[in-house]
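Here's the structure, in structure tokens; my notes come after.
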Amino acid sequence: MIIKRLKLFGFEFLRQAAGSHEIWYNKNTNRYTTIPNHPGDMPEGTLRAIIKQADI
């Protein structure tokens, strides 16, 4: 769900990071965010951190 939202705000997958994390980038805002790619629900604090990094 978070990936769909990031795409709506102009983020694109940039690369695979360490472990099971992905780096997403928005070329319009020059912002990066790291997304964990784990099974199951994402903790609320992690979701807040992603939103803050992405400035959305």
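We did not get these values from a lab; they are worked out from the coordinates using the rules stated. Model, not experiment: these values are computed from the prediction. Every residue, glycine among them, receives a Cβ derived from its backbone with ideal geometry; neighbour counts consider all protein chains shown.
Give Arg15, Arg48 a once-over and let me know the one that is more than 9 Å from the chain's Cα centre (by Cα), in a strand (DSSP E or B) and not small (Gly, Ala, Ser). Outline the logic, then answer.
Numbers: Arg48 fails: in a strand (DSSP E or B).
Answer to the selection: Arg15.
For segment 26-41, filtering for residues that are surrounded by 14 or more Cβ atoms within 10 Å (Cβ to Cβ), touching a Leu at 6+ places or on another chain (Cβ under 8 Å) and farther than 10 Å from Ile56 by Cβ leaves 1.
For segment 26-45, name all the residues that are in a loop (DSSP other than H, G, I, E, B) and under 13 Å from Leu6 (Cα atoms).
Across segment 26-45, the qualifying residues are Lys27, Asn28, Thr29.
All of (1) free of Cβ contacts under 8 Å to residues at least 40 places away in the same chain; (2) β-branched (Val, Ile, Thr); (3) assigned to a loop (DSSP other than H, G, I, E, B) hold for Ile56 with one exception: (1). Figure legend. Inter-residue proximity from segment 1-25: first residues surrounded by fewer than 12 Cβ atoms within 10 Å (Cβ to Cβ), second residues part of a helix (DSSP H, G or I), beta-carbon distance below 9 Å, spacing 6+ or different chains. Indicated pairs: Glu12/Leu6.
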